[in-house]
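Report on the following structure.
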Amino acid sequence: MAEFERFHFQSLEDFKKKIEELGVDIPVTEDVSSLGKKVPILKKTVPNSLAVLPMEGCDANPDGSPSALTIRRYRRFAEGGAGLLWFEACAVTVEGRANPHQLFLNDQNMASFRELTALCREAAEKRNGYRPVTILQLTHSGRYARPFDNGAPMIPQHDPYLDPRVGITEDYPMVTDEYLDELQEKYVKAALLAKEAGFDGVDIKACHRYLVSELLASHTRKGKYGGSFENRSRFVLEVIRKVKKAVGDDFIVASRFNVYDAHPYPYGFGVSKESEWIPDLEEPLKLVKEMVKAGVSLLSNSAGNPYYRFPQVTRPFDQPILNGEMPQEHPLESVARLMQFTREIQEAAGDVAVIGNGYSWMREYIPYVGAANLQRGGCTMIGLGRQSFAYPDASRDILETGRMDAKKCCIACSKCTQIMRDHGMTGCVVRDSECYLPLYKEARASAGK
């Protein structure tokens, strides 16, 4: 691991020199035309190779419907030119909400989601001349469930590293097999509602140590959802099959999943028994092949647990959240790790589209790295998460000018994450300060009390 450095590059040449100095596998090209390539997924055609990745705003109405702030955010994303909009985590059941303002699609509010998808299509077509493909992420927050003002963890296994952080004792109950059986039907119901609401597909979320992600790592759990790989992957694969059967062949079933938890065995997925710092991709690559067989036609890989140690594994940054640890590696090493995962996932997935992640830290050099990864076959599309909060017009600028404006870029300051930790409504405090600086201050004041 190289010494940590904040972003400081003054030119593309400086950036390339650092990559060479570190010896990391991050390709660079100045020909960014591949980012405008259309991508077929089932019967849909994504109008370019750029995507907005799911980033929670924590700003839904109490009933789970999109608020004015939610609508504002997605209008900006839609007008920003990305070919695919991957809508943020939407709970499939009340007790699975990560916070009281997480999206929650249900029979009573479905019409409001239909209005949101229609608005996004119209705004994008008016501004850019094309409609983006839309995916809704379906989730259950598991041990990070907080549907009301206090946490209400729902755990698939006991974990001596994570349990104490949320006050879970040895006798705290785990979710039962019966609960998980019934939960599968909630995913099917939510997928059908999403289709009715105008989305082009749904994501069975299995990343960042929420419930489905932690099930993949439940080596110590007894019963049909724990222990062997077959059991630990049973829930996500059965949900994918059931959703696919219910929604039909023209509706996309996707999964954004953790390749590597960076969490000690036997409590982590994709990790070596020797060290949580050593990835072991045998099971994740096997899972990819099984998900494709089950009907997945779009994948996006992630890694790590943003609520625990090593948040740079998920999102390389310049500044951690308040009182957070500084990484013991260079951010470009963190970026390279995520890109290597994507390359291996793409190889295992074959013709299925895979969206790369981990780009935001590179700021204005994103197009050059993203295009190079596409050209070498390392992924099918490039996804932007935090960068979309800060710079919703990034895709349009890339497609129209071949570059990004450094003055509009995310600076990886972690303030958007800090608002989430403070249980506030989140966005870019720096580039969208008129809207989010007051919300940041409000959340900080509330947390201080």
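Using only the alpha carbons of segment 98-196, determine the length spanned along each of the three principal axes and report them from longest to shortest in whole angstroms.
Over segment 98-196, Cα extents along the principal axes are 56, 26, 21 Å.
So how exposed is D163, as accessible area in Å² (1.4 Å probe, rounded to 10)?
10
Count the net charge of all other residues whose Cβ sits under 10 Å from the Cβ of F148, scoring Lys and Arg as +1 and Asp and Glu as -1.
Net charge around F148: 0.
Based on the Kirkwood radius over alpha-carbon pairs, what is the Stokes-Einstein translational diffusion coefficient of segment 257-399 at 37 °C with 0.692 mPa s viscosity, in µm²/s?
Calculated translational D: 208 µm²/s.
Can you send over the solvent-accessible area of R315, 1.4 Å probe, protein chains only, in Å² to the nearest 10?
Counting only protein heavy atoms, R315 exposes about 60 Å² to solvent.
Tally Lys and Arg at +1 and Asp and Glu at -1 over the other residues with C-beta under 12 Å from the C-beta of S218: what net charge comes out? Don't jump to the answer; show the numbers that get you there.
Working: positive: R143, R209, R221, K222, K224, R232, R234; negative: D159, D177, E214, D261.
It works out to a net charge of +3.
When all alpha-carbon pairs of segment 341-445 are counted, what percent fall beyond 20 Å?
Considering segment 341-445, 46 percent of its Cα-Cα pairs are separated by more than 20 Å.
Strictly greater than 29 Å: what percent of every Cα pair in segment 1-153 meets that?
39
I need the Debye-formula profile for segment 137-251: one equal scatterer per C-alpha, no solvent, reported as log10 I(q)/I(0) at q = 0.12, 0.13, 0.15, 0.22 1/Å, two decimals.
Ignoring solvent entirely, the Cα scatterers give -0.45, -0.52, -0.68, -1.24.
Per residue, what accessible area does the chain have, given a 1.4 Å probe and all protein chains present, in Å²?
39
Name the residue, out of L22, L384, L399, whose mean-square fluctuation peaks in a Gaussian network model built on the chain with Cα pairs under 10 Å.
Highest fluctuation of the listed residues: L22.
If K415, K222 are ordered by their accessible area, calculated over protein heavy atoms with a 1.4 Å probe, which sequence runs from highest to lowest?
Details: K415 70, K222 165 Å².
Putting K415, K222 in descending order of accessible area: K222, K415.
For the chain, modelled as a GNM with alpha-carbon contacts under 10 angstrom, which of E20, E95, E115 fluctuates the most?
So, out of E20, E95, E115, the one fluctuating most is E20.
For the chain, modelled as a Gaussian network with Cα springs under 10 Å, which listed residue fluctuates most, Q346, Q319, Q157?
Among Q346, Q319, Q157, the largest mean-square fluctuation in the Gaussian network model of the chain belongs to Q319.
Hey, got a sec? Which GluC sites (Glu not before Pro) in segment 131-190 land in a DSSP loop and have at most 15 other Cβ atoms within 10 Å?
In loop regions of segment 131-190 (DSSP not H, G, I, E or B), the sparsely surrounded GluC sites (Glu not before Pro) are E170.
Output the pairs from K224/K289; K205/K441; K242/K286; K189/K222; K186/K449 with a Cα-Cα distance over 25 Å in this structure; if there are none, say none.
Values: K224/K289 21 Å; K205/K441 31 Å; K242/K286 20 Å; K189/K222 28 Å; K186/K449 37 Å.
Among K224/K289; K205/K441; K242/K286; K189/K222; K186/K449, the Cα-Cα distance tops 25 Å for K205/K441; K189/K222; K186/K449.
Please report, in debye to the nearest 20, how large the charge dipole of segment 7-138 is about its Cα centre when each Lys and Arg carries +1 at its beta carbon and each Asp and Glu carries -1 there.
560
How big is the Cα convex hull of segment 85-148 in projection, averaged over all directions, in nm²?
Values: hull surface 18.3 nm².
In nm², the orientation-averaged hull projection of segment 85-148 is 4.6.
Which entry in (i) 0.93; (ii) 1.07; (iii) 1.02 matches Rg/Rh (Cα atoms, Kirkwood Rh) derived from the coordinates of this structure?
Derived directly from the coordinates: (i).
Based on alpha-carbon atoms only, what is the radius of gyration of segment 174-331 relative to the globular estimate 2.2 N^0.38 Å?
Here the answer is 1.09, to two decimals.
Which loop-located GluC sites (Glu not before Pro) does segment 222-315 contain, where loop means any DSSP state but H, G, I, E or B and the Cβ has at most 16 other Cβ atoms within 10 Å?
E274
Looking at segment 17-88, which trypsin sites (Lys or Arg not before Pro) are in a loop (DSSP not H, G, I, E or B) and have at most 10 other Cβ atoms within 10 Å?
Passing sites in segment 17-88 are K43.
Determine the sum of side-chain charges near Q102: Lys and Arg each +1, Asp and Glu each -1, restricted to other residues whose C-beta is under 11 angstrom from that of Q102.
-1
Rounded to a whole number, what % of the accessible area of the chain do carbon and sulfur atoms account for, probe 1.4 Å?
48
What order do F257, F104 take when sorted by accessible area (1.4 Å probe), most exposed first?
Working: F257 0, F104 30 Å².
Largest accessible area first, the residues go F104, F257.
The values are calculated or read from the model by the stated rules, or taken from the named source; none is laboratory data. These figures come from a predicted structure and were not determined experimentally. Methodologically, a virtual Cβ is constructed for each residue, glycine included, from the backbone with ideal geometry; neighbour enumeration extends over all protein chains shown. Note: areas computed on protein heavy atoms with side chains; ligands, DNA, RNA excluded. Shrake-Rupley method; radii C 1.70, N 1.55, O 1.52, S 1.80 Å.
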